[in-house]
Amino acid sequence: MLKMISRISYCSIEQKGKIVDIDGGIGAVGNIKSLGLEIGDKISISSRKNGRGKISVLKDDKEISLGYELASKILIECSEQPKVTLDKIKVGDTMRVVKMGAQGDIRFRLLDMGLVKGVKLKVVRKAPLGDPIEVFLNGFYLSLRLEEAENIEVEVVQIHKSNGKGKKHWGLF
């Protein structure tokens, strides 16, 4: 059976997997370990709150609650491809369009720009408040409102791992 690497934040309720990596700096790794989660642990997603809210996982019949951003740093190996919409994808991850759910004129504009089933795209950046998001596909950059991205179902092609590097750290001057 083919195993996929995904982020916990992309998984649906009752999906099971094994933690294979933590994509974060020392602080994120410490926070995750303090909650009792380690690389190699087998977990299942027990609940999610409204899209970008709290995610609860089960480990050895113990429920552990994670914030959305912390959960998105935990990479798991799962047996089935998670169904996720484009608005929930982290910057740097590469995805493939599975379904275009947009309606009306917006649908036709997106299709005309090449956002069709099977095309690969990479989330390049998000605005400070999360709306809009910019994706790179077919050699050009496209900005999408979250409302439009919520209607585009994608699957994971490649997870970008930063491993805590390349982020600006604030300190004393």
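Here are the numbers for the structure shown:
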| item | result |
| --- | --- |
| Within the stretch 36-60, considering residues that are aliphatic (A, V, I, L, M) and crowded, with 16+ Cβ neighbours inside 10 Å, the one farthest from VAL84 (Cα to Cα) | LEU37 |
| Subset tally (residues that are modelled with pLDDT under 90 and farther than 25 Å from VAL29 by Cα) for the stretch 118-128 | 1 |
| Hits in the stretch 132-152 - residues which are touching a residue at least 12 places away in the same chain (Cβ under 8 Å) and either touching a His at 6+ places or on another chain (Cβ under 7 Å) or part of a loop (DSSP other than H, G, I, E, B) (or both) | PRO132, ASN138, ARG145, GLU150, ASN151 |
| All positions within the stretch 113-141 that are crowded, with 17+ Cβ neighbours inside 10 Å and hydrophobic (A, V, I, L, M, F, W, C) | LEU115, LEU121, VAL123, ILE133, VAL135, LEU137 |
| Count of the stretch 1-48 residues which are in contact with an Asp or Glu (Cβ under 8 Å, 6 or more places away or on another chain), more than 28 Å from ASP131 (Cβ to Cβ) and assigned to a loop (DSSP other than H, G, I, E, B) | 2 |
| The stretch 46-87: number of residues that are more than 18 Å from ASP23 (Cβ to Cβ), touching a Leu at 6+ places or on another chain (Cβ under 6 Å) and in contact (Cβ under 8 Å) with a residue 40 or more places away in the chain | 1 |
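The values are calculated or read from the model by the stated rules, or taken from the named source; none is laboratory data. Note that the coordinates shown come from a computational prediction; the quantities given were computed from them, not determined experimentally. Please note: Cβ atoms are built from the backbone with ideal geometry, for glycine as well, and neighbour counts cover all protein chains shown.
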